[in-house]
Amino acid sequence: AIALFETMEATLCLPYMMREMKSLTEGHIVAELMLIFAFAYMIEGASGFGTPVALGAPMLVSLGHDKFGSIVTLLVMNTFATVWGAAGTPIWFGLGNISGLSEDDFVEVSFKAGVCLTFAAYLILPTLVLPILCPVQELKKNFLFIILSLTSVMGPVLVMSFFTYEFPSLIGGMLGCIISAVLIRFRVGLKEYSHPTNERHLKISTTSSSHGLVSSLRPDDPLFAAVQNNCDKNSDDLKECVDNDEDVEEEHSPENGTDASISEESYNVDSKDVEVLEDADQVLASINSVEAALGPRKSFAEGYLKELIGRTFPIWGTVLLL
């Protein structure tokens, strides 16, 4: 579990998957949650020990979801795959010390758990888990997609649980990720999701100033405002941009004979915002370093599949190892 997490960090697999997920879902909240569910199922089957929560919760937070809700959602999602976590460790290791149990008994435990968890997933996930982060109205509108995506995970899990106690979660999660991605790509069962004006989602498809990782910052973030205010995100210093904002504020000050309400209303920055702006250079340096390492998003003609296979090696390499 720790090796997988560290490898995904070192190879930039996680930032790459974040970029691809944002580009694929285009900020559709239901698509994000179901794709994360399949991803968590696969990671739990490969490494177990809570790794899906360690990886999935930060992914949801980076997409703009509530921190506490993201953690709770991933913890509950993780329980649907725990039985077969880390290639069936809870079964073969947890029950292995009980005398009189054979391999057939382990398989029986597996398929009984598969039946119960499949039924529970259809019952609990749409009604109790997804509403933690997603409005109920959106769940109703996209109910067909939820069922199809859920079936793409739990169907293979149920079938595999009748034959093995090691790989139901791993196989189900892999197929679920692929099928869910196809459903999202062709918008099967997905209704249009209109974002509010202050919505946290911004599409990331390239590394340009308008669609790069900088665009994933919240619109109400002072750093976002500074970057969008005719600033070059590759500049070494944002002080010039901040100074420009201060000049504009002086122009609207009472001493200059302009309406003071404009200044108070438009430039009400508290101490926390000032601290964020002071650290702007470091934040942008980190963002730029990640984008520079990933490079621009490639098309199929430019070797997209090759990059996909290479970047996701920590995941499918672990699957082959198992």
- For residue 72 and residue 108 in one chain, what is 0.36 nm times their gap in residues minus the Cα-Cα distance, to one decimal in nm? 9.9 nm
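Which whole number of Å³ per residue matches the convex hull of the alpha-carbon atoms in the stretch 1-86? Could the numbers behind the result be given before it?
Values: hull volume 6.7 nm³, N = 86.
Given the Cα convex hull of the stretch 1-86, per-residue volume reads 78 Å³.
Let's test the formula: R0 of 30 Å, r as the Cβ-Cβ distance of residue 2 and residue 292. What FRET efficiency results, to the nearest 0.05? Present the calculation step by step, with values, prior to reporting the outcome.
On the way: r = 27 Å, r/R0 = 0.91.
For R0 = 30 Å, the calculated efficiency reads 0.65.
Figure the gain on full extension for residue 128 and residue 185 (residue separation times 0.36 nm, minus the Cα-Cα span) and round it to one decimal in nm. Can you show the working numbers first?
Values: separation 57, 0.36 × 57 = 20.52 nm, distance 2.62 nm.
Between residue 128 and residue 185, full extension yields 17.9 nm more.
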- Roll a 1.4 angstrom probe over the protein heavy atoms and tell me the percent of accessible area of the stretch 97-190 that is carbon or sulfur. 72
- Message: For the stretch 49-163, what does the convex hull of the Cα positions come to per residue, in cubic angstrom?
- Response: 102
- Task: Determine the sum of side-chain charges near residue 298: Lys and Arg each +1, Asp and Glu each -1, restricted to other residues whose C-beta is under 9 angstrom from that of residue 298.
- Result: 0
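Using only the alpha carbons of the stretch 100-202, what is the convex hull's orientation-averaged projected area in square nanometres? Don't skip to the answer; put the middle values down first.
Details: hull surface 31.1 nm².
The directionally averaged projection comes out at 7.8 nm².
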- Query: If you project the alpha carbons of the stretch 127-168 onto their three principal axes, what span does each projection cover, largest first, in Å?
  - Reply: 39, 19, 11
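The values are calculated or read from the model by the stated rules, or taken from the named source; none is laboratory data. All figures in this text were calculated on a predicted structure; none of them were measured in a lab. In this analysis, Cβ positions are derived from the backbone assuming ideal geometry, glycine residues included, and neighbour counts consider all displayed protein chains. Heads up: the accessible areas ignore ligands, DNA and RNA and are worked out on the full protein's heavy atoms, side chains in. Shrake-Rupley method; radii C 1.70, N 1.55, O 1.52, S 1.80 Å.
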